[in-house]
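Please treat every number below as a calculation from the coordinates, not as lab data. Fair warning: this is a prediction, and the values are worked out from it, not measured in the lab. All Cβ positions, even for glycine, are placed from backbone atoms using ideal geometry, and neighbour counts span all protein chains on display.
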Amino acid sequence: MNIILLGPPGAGKGTQARFLVEERGMVQLSTGDMLRAAKDSGTEMGLIVADVMARGALVTDEIVIGLIREQLETVKANGFIFDGFPRTLAQADALNDLLAEKGESLDGVIELEVDDEVLVERIVGRAAEAAAAGQPVRADDNADAMKIRLMEYYKKTSPLIGYYYAKGQLTKIDGLGEIADVKAAISKTLGG
Ligand code: AMP
């Protein structure tokens, strides 16, 4: 089963993806994690994306589609969870093509709906918690970058909601509930 977790930054996509990995043995493909790893290891691509990411803007479709292509060509999985990808219509089309090349398809898209005010609080809170615990703070977890991340989401990613709805693939889930409730709602959508 291949699914997309869709939603604004801070909606809880990463947290829920990890549950699906633990409980269903699916493989999480997070372009954000891949880009951060490239940045941390100082590859040429990592250097190119570092500034863009720190500002909260989207990196190019070409780069992220390349990352996903590489994973889909090399990783064997009992289903993929796309977390933070696709973020544009061009990425959505590319994903369809990449899955079709493997003889696979997308089984569903889960949208985590969250109120904008709560998002900003969550993200800024996540940074404060990490800092207090002496853990690394994401360069883009601050109020300025967060505004740009939200803007990018509404301009470029939110059209995907209508796109997948029209294809009959969208399920909306309230992302504001307790983590366990969101998890249960996702399980139900995926057939228990
Ligand atoms: P995330 O961890 O998903 O919040 O992603 C962190 C940052 O990585 C984003 O703000 C973008 O700069 C970049 N990024 C991650 N995934 C994508 C994507 N699919 N398309 C463009 N940029 C992305």
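Which length gain, in nm to one decimal place, applies between Val137 and Leu89 when the Cα-Cα distance is subtracted from 0.36 nm times their residue separation? Provide the component values of the computation, followed by the final result.
Numbers: separation 48, 0.36 × 48 = 17.28 nm, distance 3.00 nm.
The Val137-Leu89 span can extend by a further 14.3 nm.
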Exercise. Setting aside same-chain residues fewer than 8 positions from Lys155, which lysines have a Cα under 18 Å from its Cα?
Worked result: Lys147
Problem set entry | Net charge dipole size for the chain [Lys, Arg +1 and Asp, Glu -1 on Cβ; Debye, nearest 20] | 100 debye
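Go through region 84-162 and name the GluC sites (Glu not before Pro) that are in a DSSP coil and have 16 or fewer other Cβ atoms within 10 Å of their Cβ. Working shown, then result.
Details: sites: Glu101, Glu104, Glu111, Glu113, Glu117, Glu121, Glu129, Glu152; in loops: Glu104.
Here the GluC sites (Glu not before Pro) that fit, given the DSSP loop and packing criteria, are Glu104.
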Exercise. Taking springs between alpha-carbon atoms closer than 10 angstrom, which of Gly46, Gly108, Gly168 fluctuates most in the Gaussian network model of the chain?
Worked result: Gly168
Exercise. For the residue pair Ala100 and Lys188, what label-to-label distance in nm results when each label sits 7 Å from Cα along the Cα-to-beta-carbon direction?
Worked result: 3.5 nm
Problem set entry | Cut-off under 5 Å, modelled amide H: who pairs with Leu6 long-range | Ile110, Glu111, Leu112
Seminar exercise, completed: XL table Lys13/Lys172; Lys76/Lys188; Lys102/Lys167; Cα-Cα > 22 Å flagged, in table order, is Lys76/Lys188
Problem set entry | Paramagnetic reach from Val118 (point 7 Å along Cα→Cβ, amide N under 13 Å) across region 168-192 | 173-183
Seminar exercise, completed: Of Ile81, Ile63, Ile110, the most mobile residue in a GNM of the chain (C-alpha springs, cutoff 10 Å) is Ile63
Exercise. When the dipole is taken about the Cα centre of region 120-192, and only Lys, Arg (+1) and Asp, Glu (-1) are charged at their Cβ, what size is it in debye, to the nearest 20?
Worked result: 360 debye
Seminar exercise, completed: Final fewest-first order of Glu73, Glu44 on the 10 Å Cβ neighbour count is Glu44, Glu73
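Rounding to the nearest 20 debye, state how big the charge dipole of region 1-76 is about its Cα centre with +1 on each Lys and Arg Cβ and -1 on each Asp and Glu Cβ.
240 debye
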